[in-house]
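A.B. asks: Here it is, the structure, as structure tokens.
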Amino acid sequence: MPFAFSTLGLPGQPLDAVLALAAEHGWQGLELRAAPGEPVHTGLSSAERRAAARQFASAAVTPLTVASYVGIAEPGPDAPVRAELLAHLHLAADLGAPYVRVFPRGGDDPAEGAQTAARRLRELAGTAADLGVTVLVETHDSHRSGAALAALLAEAPHPAVGALWDVLHTWLAGETPADSHRLLARASATSRSRTSPPPRTSPRSRSARASCPSPPASACSPPAPGSPGSTRRPGTPPPPPSLPASRPAGPT
């Protein structure tokens, strides 16, 4: 299964430099932060997208996820949200990435946000499937727990709709990894751990920000390096260091 790291920690770095870093440290994939000023974004021309896809193929690195900033449950009209998500779906398809990440951003009423998100997801799920891309809603903001996200996804049952399990957010929501896994295992396509200072009351150590396919039940407790749910393989170095950045990283 592919182990990937996110370009969130490499703001504005050229794609060839990031691919070289991934190859050097034995990572098989990238989660691509798609935003203005990044090497991958929806404003790329067809020629630029083809060139990026060739770079990935040449480096033997998989473009795993296009990490958009679409708020699928965001209050307001549906049309702008649909258009933004559709643009990211086409970007992912052009690059050969199987997933697009979206945030919930459901506002002050998570239940209403879930209905809004489900409606939009149902409308675009068929298009996503036709493009060979799956929309992954991340455990984040208004729906950061596995329980909240599972309830949202239950309203939009489709093979092209799933979950991106950010283990930090579900933990901060008060869930154990075992509980989150039970709630999200069937819907999760990828999971992510990240570098983050733990709360002062927690003995947990920092973890590496990485993406990998959803771990099996055995990964609900901290896996040993090289076990099925681990984000590290035996004999591999720690996650790659960041390249020098000309500006601070943006939102996750």
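The values are calculated or read from the model by the stated rules, or taken from the named source; none is laboratory data. Keep in mind that what you see is a predicted model, and the values were worked out from it rather than measured. Counting neighbours? That spans all protein chains shown, and the Cβs are built from the backbone with ideal geometry, glycine included.
A.B. asks: Could you check the stretch 92-113 and list, in sequence order, the residues that are surrounded by 24 or more Cβ atoms within 10 Å (Cβ to Cβ) and aliphatic (A, V, I, L, M)?
C.D. replies: Within the stretch 92-113, 92, 97, 100, 102 meet the criteria.
A.B. asks: Return the total of residues in the stretch 98-129 being among the hydrophobic types (A, V, I, L, M, F, W, C), assigned to a helix (DSSP H, G or I) and touching a residue at least 24 places away in the same chain (Cβ under 8 Å).
C.D. replies: The initial filter retains those residues of the stretch 98-129 that are among the hydrophobic types (A, V, I, L, M, F, W, C), namely 100, 102-103, 111, 114, 117-118, 121, 124-125, 128-129.
Still in the running and assigned to a helix (DSSP H, G or I): 111, 114, 117-118, 121, 124-125, 128-129.
Next cut, touching a residue at least 24 places away in the same chain (Cβ under 8 Å) only: 114, 117-118, 121, 124-125, 128-129.
Of the residues in that region, 8 qualify.
A.B. asks: Then there is this: Checking residue 179 against (1) buried (at least 22 other Cβ atoms within 10 Å of the Cβ); (2) more than 18 Å from residue 70 (Cα to Cα); (3) modelled with pLDDT of 95 or more, only one condition comes out false. Which one?
C.D. replies: (1)
A.B. asks: Related question: List pairs: first in the stretch 170-182 and in contact (Cβ under 8 Å) with a residue 40 or more places away in the chain and among the hydroxyl-bearing types (Ser, Thr, Tyr), second part of a helix (DSSP H, G or I) and buried (at least 17 other Cβ atoms within 10 Å of the Cβ), Cβ under 6 Å, 6+ apart or cross-chain?
C.D. replies: Every condition considered, the pairs that remain are 180/146; 180/170.
A.B. asks: With the structure loaded, tell me whether residue 195 is β-branched (Val, Ile, Thr), modelled with pLDDT of 95 or more and more than 18 Å from residue 71 (Cα to Cα) or whether it fails that test.
C.D. replies: Working: β-branched (Val, Ile, Thr): yes; modelled with pLDDT of 95 or more: no; more than 18 Å from residue 71 (Cα to Cα): yes.
In short, no.
Okay, residues lined up against (1) under 25 Å from residue 114 (Cα atoms); (2) surrounded by fewer than 23 Cβ atoms within 10 Å (Cβ to Cβ):
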site	(1), (2)
48	no, yes
55	no, yes
60	no, yes
63	no, no
66	yes, no
72	yes, no
83	yes, yes
87	yes, yes
